Amino acid sequence: MQTIDNYNFSNKKAIVRVDFNVPLDKTTLEVTDNTRITAAIPTIKKILKDGGAVVLISHLGRPSGGYEDKFSLKHIVSAVESALGQQVIFAGDCVGKSAFEITSNAKPGDVILLENLRFYKQETSGDDTFTKQLAKHGDVYVNDAFGTAHRAHASTTVLAKYFPNDKMFGYLIAKEIKSVDKVLNSQQKPLTAIVGGAKVSSKITIITQLLDKVDYLIIGGGMAYTFVKAQGGNVGNSLVEDDYLSTALDIMKKAEAKGVQLLLPVDTLIADSFSNDAAIKTCAIDAVPDGWLGLDIASSSIELFRKAILASKLILWNGPMGVFEMENFQQGTIAIAQAIVEATENGAFSLVGGGDSVAAINKFNLADKVSHVSTGGGAMLEYLEGVTLPGIAAILE
């Protein structure tokens, strides 16, 4: 299989599928978080260094089909130029005559950004005629968009077949695969998975998959209250999925049978309303008074989880410990993030993935202090669950 390191891009035009689906300010339409842009820069620079030209293709948002100004990639050009340190040529289409004129005249060292792929419904349907048009833009295909690798779209999957001997992963997607494989397949122990977030229902598959791998499974966030209630605890008005109480008990039984230490919070920070200005106090997590709801883990839980994290050689974090968007309920998530950073400094490998975990570690400015922060929430979860991602398979075939 071709890799970006053993391929010479000299005088080649490389079609690079990036994930520039970045957040924009609703008023100014300026990029508010350029993490995904900066993550793609090493791949772009490698191609340019070899003497190649780069044709960047991406989607932005979910347009209904057809041009919508708020989803135009023209709004991110300056952010890409700033991250890359050179001019980027913008094409106002991705398959029209004007776009082909620009890419056909590309010279070594040029970087061209095509317009939003999803302005054509054929992108998401994986239409072959549309894909064949996209393929005309270059000589080689590089997929560096892990965040869309679980979508069988024209640009993420179908396009690869037009470059049977000239297709490869970019540096970002290669690192994503390596990082997840290291967590799932390494023989290093202990391996700790920290799973948080609101609902058990959205994490059943990943938890089940992890039970065959981990030594410690830490459950936090809103989903913890379903486990507590399933054991007969009082959780007041805390978030609970009553339909999943038996599922929670089943997970606990499976963990015990497999020798996995499943750790639940023992205390919680509770509030009398879902508000940063609510009255707050701490109590045992199984003794939440009626009318109160748990919005974060408290000190004893933090210490319990911290000990497991610091004893670990491999760490996977997916999901916050509380409502970290509110200042009064972010201490649990901050403490867990700091424990992961400390463990990493001590030699552990740490992988952070899943939208809210990534948002949290970026919010607290700790992203550069863990081993890897995944750029693909849904894709990373499916990969951890053992799902074959079409964007990955298309390169490996």
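Computed from the coordinates by the stated procedures, all read-outs in this text should not be read as laboratory data. Note that the coordinates shown come from a computational prediction; the quantities given were computed from them, not determined experimentally. Ideal geometry is used to build each Cβ from the backbone, glycine not excepted, and the neighbour counts take in all protein chains shown.
Taking neighbour counts of Cβ atoms within 10 Å as a proxy for exposure, in what order, fewest first, do ILE57, ILE207 appear?
Fewest to most other Cβ atoms nearby, the residues stand as ILE207, ILE57.
Mind listing the phi-derived Karplus ³J(HN,Hα) values for the stretch 203-215, rounded to whole Hz, using 6.51, -1.76 and 1.60 with θ = phi - 60°, and x for any glycine or proline?
Per-residue couplings from phi come out as 10, 4, 5, 5, 4, 4, 5, 6, 4, 7, 10, 8, 9 Hz.
Under a Cβ-Cβ cut-off of 14 Å, what is the net charge of the residues other than ASN346 that fall near it, where Lys and Arg count +1 and Asp and Glu count -1?
+2
Connecting C-alpha atoms closer than 10 Å in a GNM of the chain, tell me which of ASP139, ASP356, ASP277 has the biggest fluctuation.
Greatest mean-square fluctuation among the candidates belongs to ASP277.
Going by C-beta contacts inside 10 Å, put ILE297, ILE392, ILE44 in order with the fewest on the left.
Ordered from fewest to most neighbouring Cβ atoms within 10 Å, ILE297, ILE392, ILE44 come out as ILE392, ILE44, ILE297.
Roughly speaking, what is the centre-to-centre gap between the stretch 302-356 and the stretch 185-223 when only Cα atoms are used, to the nearest Å?
Each part reduced to its Cα centre gives a spacing of 13 Å.
Quick one: how many lysine pairs in the stretch 223-378 have C-alpha atoms under 30 angstrom apart, if they're 8 or more apart or on different chains?
Count of close lysine pairs: 17.
Could you compute the net charge surrounding PHE324? Neighbours are other residues with a C-beta less than 15 Å from the C-beta of PHE324; K and R count +1, D and E count -1.
Working: positive: LYS363; negative: ASP296, GLU325, GLU327, ASP356.
Neighbour charge sum, excluding PHE324 itself: -3.
Could you pull out the trypsin sites (Lys or Arg not before Pro) across the stretch 1-96 that fall in loop regions by DSSP (anything but H, G, I, E, B) with no more than 10 other Cβ atoms inside 10 Å?
Passing both the DSSP loop test and the Cβ count: LYS26.
Take the chain, mark every one of the chymotrypsin sites (Phe, Trp or Tyr not before Pro) that falls in a DSSP loop and has at most 16 other Cβ within 10 Å, then report the longest stretch left between them, sites excluded.
Details: sites that count: TYR67, PHE274, PHE364.
The segment 68-273 is the longest one with no such site.
Name the most mobile residue of THR124, THR32, THR205, meaning the one with the largest mean-square fluctuation, in a Gaussian network model of the chain with Cα contacts below 10 Å.
THR32
Local charge sum around LYS26 (other residues, Cβ-Cβ under 14 Å, Lys/Arg +1, Asp/Glu -1)?
Net charge around LYS26: -4.
Which loop GluC sites (Glu not before Pro) in the stretch 1-103, with loop taken from DSSP, have no more than 14 other Cβ atoms within 10 angstrom of their Cβ?
Passing both the DSSP loop test and the Cβ count: GLU30.
Return the calculated 222 nm mean residue ellipticity for the chain, to the nearest 500 deg cm²/dmol, obtained by summing -39500 (n - 2.57) across DSSP H runs with n ≥ 4 and dividing by the residue count.
-10000 deg cm²/dmol
Find the lysine pairs in the stretch 13-169 meeting two conditions, Cα atoms under 16 Å apart and a separation of 8 or more places or different chains, and report how many there are.
Pairs that pass both the separation and distance tests number 21.
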